[in-house]
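Only one structure is covered here, and it is reproduced in the block below.
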Amino acid sequence: MSNKRKVIDYTYQIITYLAAFVAVGTLSLIFMFVFSNGYKLLNIGLIVNDYHATFYNGALEENIEFSTTTRPTSLDSETYYSKKWGLGLKDDFDREGNSIIIVDYIASDSPLLAMYNKNNEEFTELIVFKEGQLVSKIAYFDKSTSLTRTGAEIMIYDLDSSESVREIVYSSLGGGIRGSIITTFYLIAITIAIALPIGIFTAIYLNEFAHKNRITTILRSLIEVLTGVPSIIFGLMGLAVFVPLTIKLTQADSANIISGSLTLAVILLPVIIRATEESLKVVPDTLRESSLALGANKTQTTFKVVLPSAIPGILTATLLAIGRVIGESAALIFAIGTAVKDDISIFGKSTSLSVHIWSMMKDEPANIELASTIAIIILMIVLLLNITIKLISKRFIRELG
């Protein structure tokens with residue numbers, strides 16, 4: 001080998017290694033940034049809690065029986081405890097970085113468990129006061145109101161020096177993404193149910209039944225063009241076509257999950273068709289010929305022999321489709337809306353996880369920590385789906401082998 005040839009080969013190797021290093025390094029930096037900013041907020045409460053907090057206005061009867069429970073040994077030094085009221089409060093921060101006072105402990109004989117709803121004129125409706133809730137303020141008859149900004153220590157001190165309270169305003173934690181997770185799974189289920197059958201049968205027609213002529217060539221070209229169309233254009237189509245259609249045919253009165261799913265189905269069709277067609281092409285022609293030689297017709301051969309052999313590739317197309325659904329945001333902003341909801345209906349507005357990230361990032365200042373946490377959850381969902389589909393694919397390959 002000549003020296004010139006060696007130099008060219010080394011150059012190609014250096015370029016290859018450098019490109020691989022840049023790609024891996026860039027992806028690693030992205031993952032490091034997301035995890036370093038988001039892991040602190042990652043907890044089960046974020047997943048199961050509502051986004052919007054529920055506020056309560058509690059008050060007590062005149063005859064108060066105070067608690068006799070001493071401070072539990074399980075409470076840490078950061079929790080301030082009132083034996084008189086059987087209440088432990090702790091300073092903390094919410095998911096947006098704001099100071100809060102959280103109920104860390106409440107004794108079983110605490111008089112605060114007997115609070116009634118002050119907004120109810122009959123004063124008979126008891127309201128729930130439990131650990132994990134946030135105390136916004138405690139108002140007294142004989143002194144100034146204790147507020148969140150004064151801190152848990154001052155609030156407990158004021159409680160200990162009072163014989164009664166006029167009002168306690170508290171709330172649930174809020175800031176959770178339960179609604180966005182439910183919306184995302186709704187979108188996945190409805191979109192796949194619409195797009196997957198249409199995409200698979202279209203790919204079967206193009207690869208197994210359609211004649212190779214100008215019409216099928218144009219169809220394939222159009223499918224490839226649709227693959228490269230920006231998703232925001234599909235979002236405008238969803239707003240102009242699917243939103244009015246769902247309003248007319250369903251009980252929806254605005255952008256909704258169904259219109260979002262229909263929009264995503266149109267976006268995914270080119271991906272599913274191309275991936276399925278490629279998986280059908282790699283099925284050996286000898287399988288088709290053997291089936292036909294044994295007396296099966298074209299349809300039987302396609303659906304009994306060819307399609308089962310292409311299942312692993314179709315599952316890969318399904319995974320790509322699900323990943324696109326989870327990661328899509330531009331189209332959904334128009335087709336489903338940006339309202340973060342806790343009560344989810346397929347006929348109403350809501351937000352997926354990706355749109356929730358967009359909502360967090362458009363705030364001033366942007367909530368990078370919560371957005372990164374949601375990104376971690378998306379990565380975990382995609383990883384779990386990837387592992388599941390890989391296991392299913394291996395099972396099909398084993399059975400076919």
Calculate I(q)/I(0) for segment 143-232 by the Debye formula, one identical point scatterer on each C-alpha and no solvent, and give its log10 at q = 0.16, 0.23 Å⁻¹ to two decimals. -0.88, -1.18
Here the convex hull volume per residue of the chain, taken over Cα atoms and given in Å³, is 266 Å³
Residue separation between S221 and I387 times 0.36 nm, minus their alpha-carbon distance, gives in nm 56.5 nm
How high is the FRET efficiency between K281 and D363 when r is their beta carbon distance and R₀ equals 56 Å, given to the nearest 0.05? 0.75
Any chance you could run the full-extension gain for L236 through S36? It's 0.36 nm times the residue separation minus the Cα-Cα distance, nm to one decimal. 68.4 nm
Specify the angular offset, from 0 to 90 degrees and rounded to the nearest 10, of the alpha carbon long axis of helix 178-204 from the longest principal axis of the alpha carbons in the chain. 10 degrees
Sorted by chain and number, the residues with a modelled amide H under 5 Å from that of T351, at a separation of 5 or more or across chains, are K341
What FRET efficiency, computed as 1/(1 + (r/R0)^6) with R0 = 60 Å and r the Cβ-Cβ distance, is obtained for R395 and Y157, rounded to the nearest 0.05? 0.40
Using θ = phi - 60° and the Karplus curve 6.51 cos²θ - 1.76 cosθ + 1.60, what whole-Hz ³J(HN,Hα) does each residue of segment 29-41 get, with Gly and Pro shown as x? 5, 4, 4, 5, 4, 5, 6, 5, 8, x, 5, 5, 8
C-alpha center-to-center spacing [segment 61-79, segment 304-362] in angstrom: 48 Å
Using amide H atoms built 1.01 Å from N in the peptide plane, name the residues 5+ places from Y170, or on other chains, whose amide H lies under 5 Å from its own. Y56, G58, S136
Here FRET efficiency (C-beta to C-beta, L27 to I198, R₀ 30 Å, nearest 0.05) is 0.35
Once the piece of chain linking E78 and K4 is laid out straight, how much longer is it, given 0.36 nm per residue of separation minus the C-alpha distance between them? 19.5 nm
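The numbers here are math on the coordinates, done by the rules we state, and not lab data. None of the values given here were measured: they were computed from a predicted structure. Glycine gets a Cβ as well: all are built from the backbone with ideal geometry, and neighbour counts include every protein chain shown.
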